[in-house]
Each structure stands twice: as C-alpha cells, then as structure tokens.
Amino acid sequence: MTTAPLLWQPDLSARRKPLLLCDFMTQAAKTAGRALDSFADLHAWSVARPQEFWPLAWDFCGLEGDKGTVPLVAHADPMQVRFFPEARLNIADSFLKNADGREAIVFIGEDGCRITWSRAELKREVEQLAAALRAAGITAGDHVAGYVPNMPQTVAAMLATASLGAVWSSCAPESGPDVVVDRLGQIAPKLMFAADGYFYNGKTFETRDAITEVASRVPSIEQIVIWPYADGAADLPEGMTAMRRSNRWTPRRWRAVPWAFAIRSM
C-alpha cells in the first residue's frame, strides 16, 4: 500500500501565534507532566489518558454546567463509550454566556437583506423567544420544529428551545410537504416555526400552502409561529400578502407578539 502525499499540516511550532490549539497543548502538557510538541503528541496522549484529556477539554472550552466525577465509561465498542455520564448542562448557557457587543451573527439573504446581531442582541432574542415558548406551554422534553431558512431567528429559536430543555429539529423551507411530514411525524412537535416564504436562485417562493399541508398532516402540532421573511417581495403572487391574514389563510385567531411574528393556534 502506498501512502498518499501530505497536502498540508498546521505549523504549531510558532507558539507566539495566538492559536487556541497551541494554548490547549500548553495546558495539556502541564496536565500530562511532559512536553507535547506536536499534534501527534497531543493525540497520542488523549488516547492513552482519556480520563485526563476530556475533563481538560471541557474546562478549556468553557462549558457551563456540572461535568460530574466520571469523564467517560470505556467500552470495547467505540459506539458504546459514554462521555461524562453524570454531566448536567444546557448548551444554551455556554453559547450565550459572553453577551457583549461583539458580533455573533452576520446574515445576508439572497434578496440582499442584511441582519447583524451582537452577542447581547442574540441573548435578548433568545430570552424573548424562550419566554414566549414557555407561555405557549413548551416544557422540558417537548419537541419544537423549524420549517425555516437559515436566518438569525432560526438560531435564536433553536437556542430558546434548548434553554427550556426541549428538543429542536428543522427542515429547509424548500423541502416539500412529504419530506417535512416524514421527518416531523416521527418526533411529534407541539409547536412549529415557519417563514412565510424564502428566496432561491433570484426568485421568491411562498410557503403558505406547504405550511398548511404540513400542519394538517402532523396532528401533534398545536401552534405555528410565522416569521414575515419574504413578506412584500415584488415577485410574490398578487394578493398573497393580504390573503395570508385573511380567513382564507387562517380561520383561527392570530395573536401578535413583540418581535413581529404571529402564533396560530391549531
């Protein structure tokens, strides 16, 4: 067997560079009590001393929570190895802990829409969404779905869901109803986020009919949150915007909430 030529490897010798991996290797060398001068050395130590490596990785990454006293439970089958079986944490706490003015999300939609959120703004959006989800009856263990584009509100909704201990799953808006029903039908979400449309290849696609069909075929969905993403696009069918809030779109009551979306009770 011939060995393929090495295409690239990082230069870890220049410790003066502010590389997080170099910082981690320095901490790992102190924990190991010996020099770890290369990535291969670090990898070999992580395999030989996993009980030391994984707690260090937890602390270095700044995870918020209680990692417990057992870093891992070994098993002959790698798929059966359990990491931090006693750990208690909510990943939203780690993602949102440094809520300052640094940029967290920079979003540019295909239609030219640009949204920039700082870490503080992201945390505020997550807190508002979490409060609304809690008021809507979402609790730990519930399932929440997203039928939405990759947009800042999607990130906030995922983190808000996680902050309550609920489970998040999502589908791209260009997915047809059959695909969405196959996925969401397996997890039985109580609430679904959706956008009123999306942009692709220079065109606007409305999702009204698809959302209605998914809701009718997934009986577990009790409420739908609609984000006005494509609202007002020039190439939408005439009258669609008005129809969205007419009886033809929903014969049930809409309830406005502070950050410009609406909840439809099913």
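Out of all the residues in the stretch 42-72, which are open to solvent by less than 60 Å² (accessible area, probe 1.4 Å), part of a helix (DSSP H, G or I) and farther than 21 Å from Lys97 by Cα? Correct list: Leu42, Ala44, Trp45, Ser46, Pro50, Glu52, Phe53.
Scanning the stretch 15-41 for residues that are open to solvent by less than 80 Å² (accessible area, probe 1.4 Å), within 23 Å of Lys67 (Cα to Cα) and within 30 Å of the chain's Cα centre (by Cα) yields a count of 6.
Going through (1) in a strand (DSSP E or B); (2) of a type in the set (Ser, Thr, Tyr); (3) free of Cβ contacts under 8 Å to residues at least 40 places away in the same chain one by one, Thr154 falls short only on (1). Evaluation of Trp117 against the conditions (1) crowded, with 19+ Cβ neighbours inside 10 Å; (2) touching a strand residue (DSSP E or B) at 6+ places or on another chain (Cβ under 8 Å); (3) over 30 Å from Lys203 (Cβ atoms) shows that the sole unmet condition is (3). Checked against (1) open to solvent by 80 Å² or more (accessible area, probe 1.4 Å); (2) touching a strand residue (DSSP E or B) at 6+ places or on another chain (Cβ under 7 Å); (3) not polar (S, T, N, Q), Gly101 passes all but a single condition, namely (1).
Just one of the listed residues (Ala195, Ala145, Ala172, Ala162) is small (Gly, Ala, Ser), within 17 Å of Pro228 (Cβ to Cβ) and in contact with a Phe, Trp or Tyr (Cβ under 9 Å, 6 or more places away or on another chain), and it is Ala195. Has the stretch 126-140 got any residue that is in contact with a Ser or Thr (Cβ under 7 Å, 6 or more places away or on another chain) and either charged (D, E, K, R) or in a strand (DSSP E or B) (or both)? No, the stretch 126-140 has no match at all.
Of the listed requirements (1) under 23 Å from the mean Cα position of the chain (by Cα); (2) farther than 22 Å from Gly165 by Cα, Thr69 misses just one: (1).
The values are calculated or read from the model by the stated rules, or taken from the named source; none is laboratory data. These numbers come from a predicted model, not from an experiment. All Cβ positions, glycine included, derive from the backbone under ideal geometry; neighbour counts span all protein chains shown. Side chains are part of the model used for accessible areas, which takes the heavy atoms of the whole protein and leaves out ligands, DNA and RNA. Shrake-Rupley method; radii C 1.70, N 1.55, O 1.52, S 1.80 Å.
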